[in-house]
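The values are calculated or read from the model by the stated rules, or taken from the named source; none is laboratory data. Bear in mind the structure is a predicted one, so any value in this text is a computation, not a measurement. Cβ placement follows ideal geometry from the backbone for every residue including glycine, while neighbour counts extend to all protein chains displayed. Only protein heavy atoms, including side chains, enter the accessible area calculation; ligands, DNA and RNA are left aside. Shrake-Rupley method; radii C 1.70, N 1.55, O 1.52, S 1.80 Å.
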Amino acid sequence: MTLIRREALRAGFSLGALTLLAGCDLSDHDAVQNVLARFSRWNDRVQAALFSRSRLAPTFPEVMAVKEFRYNAWYGPDKAPRLNPADYRLQLAGRIENKRPWTVEELYALPQVSQVTRHVCVEGWSMIGKWSGAPLRTFLERIGADTTARYVGFECADGYYEGIDMPTALHPQTIMAYRLSDEILPAKYGYPFKIRIPTKLGFKNPKFVTAIYVTDKQPRGYWTDRGYNWFSGI
Ligand SMILES: Nc1nc2c(c(=O)[nH]1)N[C@H]1C(S)=C(S)[C@@H](COP(=O)(O)O)O[C@H]1N2
Ligand SMILES: [Mo]
């Protein structure tokens, strides 16, 4: 399905919500919020059901990758956390057999792939970039993660947090991106790695990840807590 058709479908969902809302007292903020929240959860379920493990996000020729990639966070690039490889340790928790923390060196030694894909930010910009790193699936297998669990959650050095469903975590294009445009990820883009998920909106791609956990309880998301859909597929 094309992006545009998906957008139309999504617009259709909200039109449906509006039609319903027309019947209720718009000053009743809680009731309106309730209806919207229910639609949002329904939208999440429909999107999760439509998501296919094998459907690949579009890829592009390498020449189309933008070298000076756009930066985004709720603070300026100079405020981005600068993690020191000497004391960085990726913490592991939840349904994982081997929870030993990982160093940057160990992470960077995992087998890697490259992708040229489009990053789509919900704020209305998109950009094609080249990312390289280890498939998250490879890492999850290495640490003995229980892949029958429903979710994988992430915590970040700037207090950001995100989570994805297990089919997305195991998707071949979901990677621990160590490099952008063939360079080790600069601090502001998420050093030592960013979870790059081309089948998801930009905000579901956490940077400077410091902890990964496997769970059956749906992890919260920084922007989901501020009103965006949890699934947010593209
Ligand atoms: N830790 C962390 N990850 C984050 C964010 C953030 O503020 N903190 N912003 C998200 C959003 S909204 C976008 S669009 C992308 C921006 O990534 P970039 O700076 O590499 O373009 O990172 C996502 N991951
Ligand atoms: Mo974003």
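Observations, loosely collected:
- Checked against (1) without any contact (Cβ under 8 Å) to a residue 12 or more places away in the chain; (2) closer than 18 Å to Ala187 by Cα; (3) acidic (Asp, Glu), Glu141 passes all but a single condition, namely (2).
- Any chance Ala149 is in a strand (DSSP E or B), away from ligand 2 (no atom under 16 Å from the Cβ) and either surrounded by fewer than 20 Cβ atoms within 10 Å (Cβ to Cβ) or on the phi > 0 side of the Ramachandran plot (or both): no
- A residue that is open to solvent by less than 60 Å² (accessible area, probe 1.4 Å), under 21 Å from Pro219 (Cα atoms) and modelled with pLDDT of 95 or more occurs nowhere in the range 103-111.
- Ile164 in contact (Cβ under 8 Å) with a residue 12 or more places away in the chain, closer than 18 Å to Ala48 by Cβ, open to solvent by less than 10 Å² (accessible area, probe 1.4 Å) and within 11 Å of ligand 1 (Cβ to nearest atom): no
- Count of the range 66-107 residues which are within 15 Å of Leu185 (Cα to Cα), away from ligand 1 (no atom under 11 Å from the Cβ) and among the basic types (Lys, Arg): 2
- Just one of the listed residues (Pro206, Pro192, Pro198, Pro219) is surrounded by 17 or more Cβ atoms within 10 Å (Cβ to Cβ), in a loop (DSSP other than H, G, I, E, B) and more than 13 Å from ligand 1 (Cβ to nearest atom), and it is Pro219.
- Conditions (1) open to solvent by less than 30 Å² (accessible area, probe 1.4 Å); (2) touching a residue at least 40 places away in the same chain (Cβ under 8 Å); number of the one not met by Leu185: (2)
- Which numbered condition Leu140 fails, given (1) within 15 Å of ligand 2 (Cβ to nearest atom); (2) out of contact with any Cys (no Cβ under 9 Å at 6 or more places or on another chain); (3) not in a loop (DSSP other than H, G, I, E, B): (1)
- Qualifying residue in the range 117-124 (condition: touching a residue at least 12 places away in the same chain (Cβ under 8 Å), over 18 Å from Pro206 (Cβ atoms) and polar (S, T, N, Q)): no
- Here Ser132 meets each of (1) within 16 Å of ligand 1 (Cβ to nearest atom); (2) open to solvent by 20 Å² or more (accessible area, probe 1.4 Å) with one exception, condition (2).
- Here the range 167-182 is the region considered, the condition is being touching a residue at least 40 places away in the same chain (Cβ under 8 Å) and part of a helix (DSSP H, G or I), and the residue that is surrounded by the most Cβ atoms within 10 Å (Cβ to Cβ) is Thr168.
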